[in-house]
Amino acid sequence: MRSVKKVLAIVGPTASGKTDISVEIARRLNGEIISADSRQVYKGMPVSTSQPSEENLNSVKHHFISELNPDEEFNSGEFGIIGRKIIDDIFSRNKLPVICGGSGLYIRSLIDGFFEEKIESKEIRERLYRELNDRGEDYLYEELRRVDPESSQIIPPRKVRRVIRALEIYYATGKKISELQKNLPEINFKTFQIGLSYQRKILYERINQRVDRMIEEGLLNEVRELMNRGYHYGKNYPVDTVGVKEVMKYFEGEFSFEEMLHLIKQNTRRYAKRQLTWFRKDKRILWLEAGDGENADELAEKVLKHFEEFHL
RNA sequence: GGGUAGGUAGCGAAGCGGUCAAACGCAUCAGACUGUAAAUCUGACGACAAUUGUCUUCGGAGGUUCGAAUCCUUCCCUACCCA
């Protein structure tokens, strides 16, 4: 008989200090970090996405950091599939997988699994976008209602992208997305999720400070470089990122430096709020009140204690 | 001292006799979301009851009117201009 393997996941909103804590823990428990962050996977934006420091990257093995160019597509489904392979591999080397990230959907895909069929059709998707243009979103929604009523119940009419994705799958395979979504993969590990929580006010202060630091660390140069390489938030989704988009608009003269700074902070706060809404819904997460002054070591200590007490 | 423009809910800003608790934007809060998720989308937002409900608001005080944020008088304040 063998016990089910345990995986540790550290979640929380942006600027909650996940990165430092997870590195500390990985160090102590002989772990490797699986970054569950939809933007840190990309190269060329270490400052804007607050990637782990060079030092951290060197001291602990990280996965899904700086692996793709901003014109390469990636998504939560693929992340889950590849991530699970990596988790198996980490276990096979007798190490502990430590998931760390703020992209809720990615984490869900990784630890709970989405259907694994890879369905993507550029042509169909393009056709659907053309239809959207010509006939509007109501038309597409009607189409979905006809083709996959169950999904149309779940997907709000205004969420065009999801309507399109559902239709894309239907036309590419003849299968309904609502049916596919019932085929969840087997997950051979159990995840203990711990969330870092702060009083809203403190979190917002941390966010504001972090944005100021990003400027000092060369955010503007980073974005300039992205632009020089031809990336733009209008055509490369990975670059449609808080902190990048605003700087691009600043360079394009859309607003002043002050306005840009203000907007980055504001949008980051909003992002954090959405993350909290997402994570709050997952009742499996154990929340750890992080307070203000605590350092990564102390917090890591607490996380470890809880992790040890977590039994299946 | 004179002139002009203003003072509206957390801020910005509409409204200029009834349909105004008062448009709209922002901030804030709450929520949805299984393959672009740092994205996309929804709702609440004077107070209280928390669905049709009640109460207190539109610088202050008076007044006109069946009825005022909207008209009149007066006072206070702000900005700019002339002294």
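Against the condition within 12 Å of RNA strand B (Cβ to nearest atom), surrounded by fewer than 15 Cβ atoms within 10 Å (Cβ to Cβ) and part of a helix (DSSP H, G or I), how does A:Glu126 come out, does it pass? Walk me through it before giving the result.
Values: within 12 Å of RNA strand B (Cβ to nearest atom): yes; surrounded by fewer than 15 Cβ atoms within 10 Å (Cβ to Cβ): yes; part of a helix (DSSP H, G or I): yes.
Against the criterion (within 12 Å of RNA strand B (Cβ to nearest atom), surrounded by fewer than 15 Cβ atoms within 10 Å (Cβ to Cβ) and part of a helix (DSSP H, G or I)), A:Glu126 qualifies.
Output the number of residues of the range A:179-209 satisfying the condition of being more than 10 Å from RNA strand B (Cβ to nearest atom), within 30 Å of A:Pro149 (Cβ to Cβ) and not charged (D, E, K, R).
Number satisfying all stated conditions: 1.
Restricting attention to the range A:152-178, and to residues there that are within 12 Å of RNA strand B (Cβ to nearest atom) and surrounded by fewer than 13 Cβ atoms within 10 Å (Cβ to Cβ), which single residue is nearest to A:Tyr139 (Cα to Cα)?
Restricting to residues being within 12 Å of RNA strand B (Cβ to nearest atom) and surrounded by fewer than 13 Cβ atoms within 10 Å (Cβ to Cβ), the top hit is A:Arg158.
Can you say whether A:Val223 is more than 11 Å from RNA strand B (Cβ to nearest atom) and either assigned to a helix (DSSP H, G or I) or surrounded by 13 or more Cβ atoms within 10 Å (Cβ to Cβ) (or both), as far as the supplied structure shows? Write out each step before concluding.
Details: more than 11 Å from RNA strand B (Cβ to nearest atom): yes; either assigned to a helix (DSSP H, G or I) or surrounded by 13 or more Cβ atoms within 10 Å (Cβ to Cβ) (or both): yes.
Yes; evaluated as a whole, the condition is true for this residue.
Give the number of residues within the range A:82-98 that are part of a helix (DSSP H, G or I) and more than 26 Å from A:Tyr231 (Cβ to Cβ).
Quick first cut of the range A:82-98, residues part of a helix (DSSP H, G or I) only: A:82-92.
Applying the additional criterion that residues be more than 26 Å from A:Tyr231 (Cβ to Cβ) yields A:84-92.
Final tally of qualifying residues: 9.
How many of the residues in the range A:49-72 are β-branched (Val, Ile, Thr) and within 15 Å of RNA strand B (Cβ to nearest atom)? It would help to see each step written out before you state the result.
Just the residues of the range A:49-72 that are β-branched (Val, Ile, Thr), to begin with: A:49, A:60, A:65.
Remaining after also requiring within 15 Å of RNA strand B (Cβ to nearest atom): A:49, A:65.
Total meeting the criteria: 2.
So, of the residues in the range A:226-246 that are outside any loop (DSSP other than H, G, I, E, B) and closer than 15 Å to A:Val211 by Cα, which turns out to be farthest from RNA strand B (Cβ to nearest atom)?
Step one: of the range A:226-246, the residues outside any loop (DSSP other than H, G, I, E, B) are A:226-228, A:237-239, A:245-246.
Subsequent filtering for residues that are closer than 15 Å to A:Val211 by Cα retains A:245-246.
On the way: A:Lys245: 7, A:Glu246: 10 Å.
Top of the filtered list is A:Glu246.
Those residues that are among the polar types (S, T, N, Q), near RNA strand B (Cβ under 8 Å from one of its atoms) and over 11 Å from the mean Cα position of the chain (by Cα), I need them from the range A:101-123; list them, please. Working first, answer last.
Within the range A:101-123, the first condition is being among the polar types (S, T, N, Q), and the residues that meet it are A:103, A:109, A:121.
Next, from what is left, pick out any that are near RNA strand B (Cβ under 8 Å from one of its atoms): A:103, A:109.
Passing the criteria: none in range.
Just one of A:Lys265, A:Lys305, A:Lys249 is away from RNA strand B (no atom under 14 Å from the Cβ) and either closer than 23 Å to A:Ala36 by Cα or part of a helix (DSSP H, G or I) (or both); which is it? Talk me through it step by step, then tell me what you get.
On the way: A:Lys265 fails: away from RNA strand B (no atom under 14 Å from the Cβ); A:Lys249 fails: away from RNA strand B (no atom under 14 Å from the Cβ).
One residue alone meets the criteria, A:Lys305.
Give the number of residues within the range A:268-302 that are assigned to a helix (DSSP H, G or I), more than 8 Å from RNA strand B (Cβ to nearest atom) and not acidic (Asp, Glu). Talk me through it step by step, then tell me what you get.
At the first step, the residues of the range A:268-302 found to be assigned to a helix (DSSP H, G or I) are A:268-281, A:296-302.
Now drop any that are not more than 8 Å from RNA strand B (Cβ to nearest atom), which leaves A:272, A:279, A:296-302.
After this cut, where a residue has to be not acidic (Asp, Glu) as well, the list is A:272, A:279, A:296, A:299-300, A:302.
The qualifying residues number 6.
We did not get these values from a lab; they are worked out from the coordinates using the rules stated. Everything numeric here is computed off the predicted structure, so don't read it as measured data. Neighbour counts run over all protein chains shown; Cβ positions are idealised from the backbone, glycine included.
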